[in-house]
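Enquirer: Supplied in structure tokens, the structure appears directly below.
Values in this text are rule-based calculations from the coordinates and carry no lab data. All values derive from a computational prediction rather than experimental measurement. Note that each Cβ is placed from the backbone with ideal geometry, even for glycine, and that neighbours are counted across all protein chains shown.
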Amino acid sequence: MGLSEKSCVPCRGDVPPLPAEDVARLLAQLDGWRVVDQHHLTRNFVFPDFAKALAHVNRVGEIAESEGHHPDIYLTWGKARIDIYTHAIDGLTESDFVLAAKIDLLPRG
């Protein structure tokens, strides 16, 4: 089963962040994301105008709400940056990669 077919699992804070080997394995299944300091996933998106960037982050917000897993979203004219990590453990879990994979499926137009 691919990452985008899975569901995010709520974290109660009683699990450790993923080890570096698991982070690397899961990152290889994503497109355009990077891992920063073994702490969070980040990806920059570029759009031709503010309206398209806003529409994209709204679609990201809909996915996040349906999955119960909420990224940090930064929006500016023609650009959006999404940062994902599990706040309860201040690090990465598989759910972060699941959310990123679902975001990758969104149309960009």
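Enquirer: Let's test the formula: R0 of 35 Å, r as the Cβ-Cβ distance of Val15 and Thr76. What FRET efficiency results, to the nearest 0.05? Please report the intermediate quantities before stating the final value.
Expert: Working: r = 34 Å, r/R0 = 0.97.
Approximately 0.55, to the nearest 0.05.
Enquirer: Work from the charge dipole of the chain (Cβ charges, +1 for Lys and Arg, -1 for Asp and Glu, about the Cα centre) and give the residue of Leu106, Pro16, Leu41 farthest towards its positive end.
Expert: The Cα lying farthest towards the positive end belongs to Leu106.
Enquirer: Okay, next question. Test of understanding: extend the Cα→C-beta vector of Ile63 to 7 Å, then name every residue of region 86-109 with backbone N under 11 Å from that spot.
Expert: Answer for this model: 97-108.
Enquirer: What is the projected area of the convex hull of the Cα atoms of region 17-104, averaged over all directions, in nm²?
Expert: Numbers: hull surface 20.7 nm².
Averaged projected hull area, Cα only: 5.2 nm².
Enquirer: Using only alpha carbon pairs under 8 Å that are at least six residues apart, calculate the relative contact order of region 10-87 and give it in whole percent. Write down the numbers at each step before the final one.
Expert: Values: 86 pairs, mean separation 23.8, N = 78.
Contact order relative to length: 30 percent.
Enquirer: How would you order 24-33, 64-73, 80-89 from highest to lowest mean count of nearby Cβ atoms within 10 Å?
Expert: Values: 24-33: 14.0, 64-73: 15.7, 80-89: 18.3.
Per-residue Cβ counts within 10 Å, averaged per peptide and sorted highest first, yield 80-89, 64-73, 24-33.
Enquirer: While we're looking at this one, here's another question. Along the Cα→Cβ direction, 7 angstrom out, place labels at Asp104 and Gln38. What is the inter-label distance in nm?
Expert: 2.3
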